[in-house]
Amino acid sequence: MAGYHIVVTVKQVPDTTDVKLDPRTGVLARDTIKGIINPEDKHALELALGLKGAEGRVTVLSMGPETARDALKEALAMGADAAYLVSDPQAAGSDALATARVLKAALDKLEPADVVLTGRRSIDGWTGAVAPMVAELSARPLVSAIRSATLSDGKLVAEQEWQGAYQQVESPLPVVASVTREAKTPRLATAMGIMKAAKKPLTTWSLADLGVEAQAVGLSGALTKVVRVARVGK
C-alpha cells in the first residue's frame, strides 16, 4: 500500500484555567469558554502525520459546538489534510457512549480508514472510554495507550507501557488505537501551515446527516449523569 488513510479524533476541551459549568445540568459550558485541542489528541495527530506515508491522508474528526472549528483549523495547520465537525445542539451533554455513537456514524460516512487514532483520554472528562467504545461499535480491534507505531504489511505494530516496561503489540488493519503523551512531541502550526489550512476542506455535519437520532445522544442518550459538582483545592 502506497499510503494509508488515518482518521484522528480531535476534541476541543476547555483551557483548564477557564472552566465554567452549567449550574443546572453540571455540563461544561463549552460555548462560553476558551477551547484548546485536547493534549493527547495532538500527540495522536503527530503520530498520524508520521504514519500516513507519501501518498497517505490524515483526516481529523470532531464532535462539538461550532467553536470546535478553531481546533480543527489548528489541526489542519499542523498538517492534516481534511477536517470534519459533527455539530448539533441536540448532541450537547453527550457522555462517552453517546460521543462514541456519533463518531462511529461519522466514520461510516467517511472513506474507510485504515487506522483511527485518539488521545488516550481528555483532560475534561478523563474517562479514557471513547476509544474502546468506538472500537466496539465499529467492530475493530483496539490497541490502547501506545507511544509509537509503524504500519506495514496490513498491520499496526505499536509499543505500549506495561508494568514499568514496554511491550510490542500487533494488530491487523483496520484498527482503533489510543495514544499517550509519551508519543512524539506535536509540531507547532507554522505561518505557512496556517495559510495552507485556509484552503483545506472543513466540512460540518448534523446528526441528521449521519442518520443519528437525537434520543441516542445528548443528555437523553447518556448512560452517565453529573450528580454533583464540587471544587477541590487546598
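The values are calculated or read from the model by the stated rules, or taken from the named source; none is laboratory data. These figures come from a predicted structure and were not determined experimentally. Here the Cβ is made from the backbone with ideal geometry for all residues, glycine too, and neighbour counts use every protein chain on show. These area figures cover heavy atoms from the full protein model, side chains too; ligands, DNA and RNA do not enter into them. Shrake-Rupley method; radii C 1.70, N 1.55, O 1.52, S 1.80 Å.
Protection proxy ranking of 174-182, 123-131, by the mean of other Cβ atoms within 10 Å over each peptide's residues and highest first, is 174-182, 123-131. By the helix-only formula, in which each DSSP H run with n ≥ 4 contributes -39500 (n - 2.57) and the sum is divided by residues, the chain has a 222 nm mean residue ellipticity of -7000 deg cm²/dmol. Based on the Cβ-Cβ distance from E136 to T190, what FRET efficiency comes out when R0 is 41 Å, to the nearest 0.05? Efficiency, rounded to the nearest 0.05: 0.60. Its alpha carbons give the range 28-115 an Rg and a Dmax of 13.4, 41 Å.
What a 1.4 Å probe finds exposed on the chain is 52% carbon and sulfur by accessible area, rounded to a whole percent. Per residue, the average separation of C-alpha pairs within less than 8 Å and at least 6 apart gives the chain a relative contact order of 26 percent. Working note: Karplus 6.51/-1.76/1.60 with θ = phi - 60° gives the range 204-210 the couplings 10, 10, 9, 4, 4, 4, 9 Hz, where Gly and Pro are set to x.
With R₀ fixed at 22 Å, the C-beta to C-beta distance from T204 to K109 puts the FRET efficiency at about 0.95. State log₁₀ I(q)/I(0) for the range 129-195 at q = 0.25, 0.29 Å⁻¹ as given by the Debye formula over alpha-carbon point scatterers of equal weight, solvent excluded. Listed by q, the Debye log ratios stand at -1.06, -1.23.
Treat the range 68-134 as a sphere of radius equal to its Kirkwood radius over Cα pairs and apply Stokes-Einstein at 20 °C in a medium of 1.002 mPa s; give the translational diffusion coefficient in µm²/s, rounded to a whole number. Result for D is 162 µm²/s.
When the chain is fully extended, how far beyond the present Cα-Cα distance does E182 get from Q215, taking 0.36 nm per residue of separation?
Gain on extension, E182 to Q215, equals 8.1 nm.
Between K155 and E55, what is the FRET efficiency for a Förster distance of 25 Å, r being their Cβ-Cβ separation, to the nearest 0.05? For K155 and E55, the calculated efficiency is 0.85. Summing charges over neighbours of K155, with a neighbour being any other residue whose Cβ is under 15 Å away from its Cβ, gives -3 when K and R count +1 and D and E count -1. Per the Debye calculation on the chain with a single equal scatterer at every Cα and no solvent contribution, log₁₀ I(q)/I(0) for q = 0.14, 0.15, 0.16 Å⁻¹ amounts to -0.88, -1.01, -1.15. With every protein chain in place and a 1.4 angstrom probe, the accessible-area ranking of M78, M63, M133, largest first, reads M133, M63, M78.
For R101, the solvent-accessible surface with a 1.4 Å probe is about 80 Å², rounded to the nearest 10.
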